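Engineer: Okay, handing you the structure first.
The values are calculated or read from the model by the stated rules, or taken from the named source; none is laboratory data. Because the structure is a prediction, the values reported are computed rather than measured. No Cβ is skipped: glycine too gets one built from the backbone with ideal geometry, and neighbour counts run over all protein chains shown. Each accessible area value is taken on the protein alone, full model and side chains, heavy atoms only, with ligands, DNA and RNA left out. Shrake-Rupley method; radii C 1.70, N 1.55, O 1.52, S 1.80 Å.
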Amino acid sequence: MTAPSIRNVSEREARQVAEAAREQDWHKPSFAKELFLGRFRLDLIHPHPTPSVDDVRRGEKFLATLREFCETQVDGARIERDGRIPDETVRGLKELGALGMKIDPKYGGLGLTQVYYNRALALAGSASPAIGALLSAHQSIGVPQPLKLFGTQEQKEAFLPRLARTDISAFLLTEPDVGSDPARLATAAVPDGDAYVLDGVKLWTTNGVVADLLVVMARVPASEGHKGGITAFVVEADSPGITVENRNAFMGLRGLENGVTRFHQVRVPAANRIGPEGAGLKIALTTLNTGRLSLPAMCAGTGKWCLKIAREWSGAREQWGRPIAKHEAVGAKISFIAATTFALEAVVDLASQMADENRNDIRIEAALAKLYGSEMGWQMADELVQIRGGRGFETADSLAARGERAVPTEQMLRDMRINRIFEGSTEIMHLLIAREAVDAHLSVAGDLIDPDKSLADKGKAAAKAGGFYARWLPKLVAGPGQLPRTYAEFGELAGHLRYVERTSRKLARSTFYAMSRWQGKMETKQGFLGRIVDIGAELFAMSAACVRAEHLRLTGSHGQEAHQLADAFCRQARIRVEELFHRLWTNTDELDRKVVSGVLGGRYTWLEEGVVDPSGDGPWIADASPGRTTKDNVRRPFQ
């Protein structure tokens with residue numbers, strides 16, 4: 001058999017591949033899903049779920065050990081200057097068991113909960129974002145997680161002990177011409193006896209330069225005895241035919257071991273296939289359901305650091321006779337950082353504890369946490385640069401050289417920027433979450449707007465939809481959020497929860513109206529869908545903040561301060577929500593499409609005159625044709 005060549009894929013075909021990969025059913029309740037449907041299920045998140053005493057004991061013990069290591073053995077400035085994590089630092093992390101934080105103790109791991117795993121990532125990432133990325137890519141999306149969820153017992157016994165203590169893993173999906181459109185995946189895995197032969201090129205392989213084990217997504221051609229489709233494999237990184245052709249360099253995360261990996265006639269035992277043929281994308285998406293939580297956890301950690309620096313600096317720096325924090329223009333930024341950090345930590349902890357309890361379906365909650373965390377984390381880092389002024393733009397080394405504290409503010413901004421792209425860009429997350437948010441509608445009325453369905457199918461769908469909407473729509477008119485004493489146990493935060501309840505119904509009505517108005521064209525209204533999702537994200541964050549604040553009050557841990565932070569956050573969020581609602585129907589989306597058409601048609605090229613383009617020559621997308629490499633192997637496993 002020969003490897004299949006990549007073909008052009010229509011928009012409809014691409015959507016069908018993505019649709020087939022997503023989880024089709026909802027076997028467990030989902031707070032966020034209900035929120036988008038106008039049903040505020042506070043009972044799903046309140047009282048705030050809590051970890052067991054044993055989980056807390058083990059988690060806190062490891063955090064204490066990790067903190068000491070980060071404070072004494074991690075030189076973040078050196079990693080930034082050298083662009084590499086030292087071998088001795090990685091050896092130390094291995095000795096701590098940091099590679100096996102999420103791996104079951106019976107395989108040599110620490111068996112930490114999602115809550116404590118995320119807290120460990122936030123701690124390690126604060127010492128060096130590159131270390132946070134290394135550990136996260138290894139465990140959140142690398143080999144351990146898909147093996148935990150889909151691996152055979154033999155695979156777990158063969159690989160998990162290595163991954164818990166010695167071996168670093170990487171996840172290889174993206175290709176030079178394939179990002180969030182996996183229907184065009186070109187890397188092939190051709191069956192050959194009791195093995196598969198891999199050919200292709202993978203791009204942006206985080207940890208790929210130093211990895212010992214890889215999880216690789218490749219397309220198996222359909223043939224007799226082979227269903228085919230995109231499939232997941234565990235691959236030994238030192239297998240003959242694998243070449244790391246380039247170690248990529250980036251704006252931030254300069255210690256990131258991210259590369260380009262070529263596979264040429266690489267034999268992988270069939271026993272290393274994870275799950276059945278064709279299940280690769282479903283495995284990847286399911287892995288990301290909880291894997292995505294690591295990124296907002298590190299964003300919350302960034303918020304904590306930003307708050308510390310803002311507090312210390314704005315209290316020491318004086319302008320016009322008083323500390324700059326006392327000036328309202330700066331104070332508003334500090335309030336935003338403090339309130340948003342509290343809310344983001346609330347979102348991450350709530351979603352993580354829900355993941356640990358496994359009572360709820362958190363696919364939307366995890367996606368919202370990633371989307372919201374990456375966007376708000378970037379804003380907090382940007383505001384800190386502004387608070388620091390010229391010093392925020394100056395490097396830590398330069399500050400130290402002239403005798404000032406080496407605060408890496410500009411580095412943090414650079415390091416944070418990738419989070420809006422990692423593990424699904426903001427734009428892709430909007431579409432992914434929007435698809436899940438309207439799933440109930442598509443389940444009952446999808447056939448009505450599907451051009452391939454027959455009149456008979458449409459008739460059945462109309463009857464089904466009529467029954468659903470006859471029951472659902474009246475419930476969107478009124479609810480407990482209109483009663484002045486609802487949620488009274490939350491004190492001054494009760495009004496915010498009533499707002500969330502009322503606004504969730506308004507959000508559901510807006511979504512229904514848009515579906516009625518645009519029907520099959522709804523999926524092209526990406527601006528509208530993005531705003532719908534952003535409103536849902538704000539409402540989720542408000543809910544999490546209020547529930548966490550009340551939990552802290554009841555447990556006697558900074559309850560009064562937590563209520564104040566939650567109140568500030570909710571008031572700030574309500575302003576953003578109202579603006580988003582206004583922009584649902586008052587925007588420039590239609591005009592923007594016309595301008596884009598003009599740009600692509602070359603009607604505005606005169607506007608580009610008067611500058612020079614410093615870009616180098618070369619194709620926009622590198623050639624990724626399969627074949628033998630012509631480059632040296634730059635793979636560099638840690639020693």
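Engineer: Cα-Cα pairs above 21 Å in the stretch 259-360: how many percent?
Structural biologist: 61
Engineer: Using a 1.4 Å probe on the protein heavy atoms, what percent of the accessible area of the stretch 446-493 belongs to carbon and sulfur?
Structural biologist: Of the solvent-accessible surface of the stretch 446-493, carbon and sulfur hold 63 percent.
Engineer: Could you tell me the ratio Rg/Rh of the stretch 109-176? Both radii from Cα atoms, Rh via Kirkwood.
Structural biologist: 0.99
Engineer: Quick one: what do you get for the stretch 514-637 if you divide its Cα Rg by 2.2 N^0.38 Å?
Structural biologist: The stretch 514-637 yields a ratio of 1.81.
Engineer: What is the calculated FRET efficiency for R22 to R317, with r their C-beta to C-beta distance and R₀ = 41 Å, to the nearest 0.05?
Structural biologist: 0.25
Engineer: Compute the projected area of the convex hull of the Cα atoms of the stretch 381-517, averaged over all viewing directions, and report it in nm² to one decimal place.
Structural biologist: Averaged projected hull area, Cα only: 14.2 nm².
Engineer: On the first, second and third principal axes, largest extent first, how far apart are the outermost C-alpha atoms of the chain in Å?
Structural biologist: The Cα atoms of the chain stretch 77, 70, 66 Å along their principal axes.
Engineer: Which one of G602, F638, T586 is farthest out on the positive end of the charge dipole of the stretch 578-639, using unit charges on Cβ (Lys, Arg +1; Asp, Glu -1) and the Cα centre as origin?
Structural biologist: F638
Engineer: Here is a further query. When Rg is the radius of gyration of the Cα atoms in the stretch 239-313 and Rh is its Kirkwood radius, what does Rg/Rh come to?
Structural biologist: Here Rg/Rh amounts to 1.15.
Engineer: Let me ask you something else. Rounded to the nearest 10 Å², what accessible area does R576 show when all protein chains are kept and the probe is 1.4 Å?
Structural biologist: Around 60 Å² of this residue is reachable by solvent.
Engineer: For the stretch 533-601, what number results from the quotient of the Cα radius of gyration and 2.2 N^0.38 Å?
Structural biologist: 1.70
Engineer: If you don't mind, another one. Would you calculate the convex hull of the Cα atoms in the stretch 446-508 and tell me its volume per residue in Å³?
Structural biologist: Spread over its residues, the Cα hull of the stretch 446-508 gives 87 Å³ apiece.
Engineer: List the pairs from K61/K102; K33/K333; K304/K370; K333/K506 whose alpha-carbon separation is above 27 Å, in the order I gave them.
Structural biologist: Check vs 27 Å cut-off fails for K33/K333; K333/K506.
Engineer: List the relative contact order of the chain as a percent without decimals, with contacts defined as Cα pairs under 8 Å and 6+ residues apart.
Structural biologist: Over the chain, the number comes to 17 percent.
Engineer: Also, quick follow-up: Determine the share of the stretch 334-380's accessible area contributed by carbon and sulfur atoms, expressed in whole percent, with a 1.4 angstrom probe.
Structural biologist: In the stretch 334-380, the share of accessible area belonging to carbon and sulfur is 47 percent.
Engineer: Cα convex hull of the stretch 372-415: mean projected area in nm², to one decimal?
Structural biologist: Averaging across all directions leaves 2.8 nm² for the Cα convex hull.
Engineer: Just the accessible area for Y513, please: 1.4 Å probe, Å², rounded to the nearest 10?
Structural biologist: 120
Engineer: Now for a separate question. Explain nothing, just the number: relative contact order of the stretch 436-564, from Cα pairs under 8 Å at least 6 residues apart, as a whole percent.
Structural biologist: Here the relative contact order equals 18 percent.
Engineer: Could I have the simple spin-label model distance between M251 and H327, label points 7 Å from Cα toward Cβ, reported in nm to one decimal?
Structural biologist: Result for the modelled spin labels: 2.7 nm.
Engineer: Just need log10 I(q)/I(0) for the stretch 493-572 at q = 0.16, 0.17, 0.27 Å⁻¹, Debye formula, equal scatterers on the alpha-carbon atoms, no solvent, rounded to two decimals.
Structural biologist: Listed by q, the Debye log ratios stand at -0.65, -0.70, -1.19.
Engineer: Grab the DSSP H runs of the chain that are 4 residues or longer, score each as -39,500 (n - 2.57), total them, divide by all residues and round the 222 nm result to the nearest 500 deg cm²/dmol.
Structural biologist: Value at 222 nm, helices only, nearest 500: -17000 deg cm²/dmol.
Engineer: Return the inverse of the average 1/r over all pairs of distinct C-alpha atoms in the stretch 194-335, which is the Kirkwood hydrodynamic radius, in Å to one decimal.
Structural biologist: One decimal place: 18.9 Å for the Kirkwood radius.
Engineer: Same structure again: Which peptide among 130-136, 441-447 comes first, and what is the full order, when sorted by highest mean count of other Cβ atoms within 10 Å?
Structural biologist: Ranked from most to least packed, the peptides come out as 130-136, 441-447.
Engineer: What is the Cα centroid distance between the stretch 234-294 and the stretch 342-418, reported in whole angstrom?
Structural biologist: Between the Cα centre of the stretch 234-294 and that of the stretch 342-418, the gap is 26 Å.
Engineer: OK, next. Rg/Rh for the stretch 301-391: what does it come to with C-alpha atoms and Rh from Kirkwood?
Structural biologist: On the Cα set of the stretch 301-391, Rg over Rh gives 1.12.
Engineer: Heavy-atom accessible area per residue, the chain, 1.4 Å probe: how many Å²?
Structural biologist: Spelled out: the 1.4 Å probe surface of the chain, per residue, equals 46 Å².
Engineer: Could you give the length gained on full extension between A478 and K506, defined as 0.36 nm per residue of separation minus the Cα-Cα distance, in nm?
Structural biologist: Using 0.36 nm per residue and subtracting the Cα-Cα distance, I get 9.1 nm.
Engineer: Over the stretch 67-200, what per residue volume does the convex hull of the Cα atoms give, in whole Å³?
Structural biologist: Spelled out: Cα convex hull of the stretch 67-200, divided by residues, is 146 Å³.
Engineer: Further question on the same structure: Average the reciprocal distances over every distinct pair of alpha-carbons in the stretch 564-639, invert the result, and give the Kirkwood radius in Å.
Structural biologist: Computed over Cα pairs of the stretch 564-639, the Kirkwood hydrodynamic radius comes out at 19.5 Å.
Engineer: What's the carbon and sulfur percent of the stretch 551-639's accessible surface, probe 1.4 angstrom, rounded to a whole number?
Structural biologist: It is 54 percent, rounded to a whole number.
Engineer: Let me ask something else about it. With just the Cα atoms of the stretch 321-466, tell me how far they stretch along each of the three principal axes, in Å, largest first.
Structural biologist: 78, 31, 31
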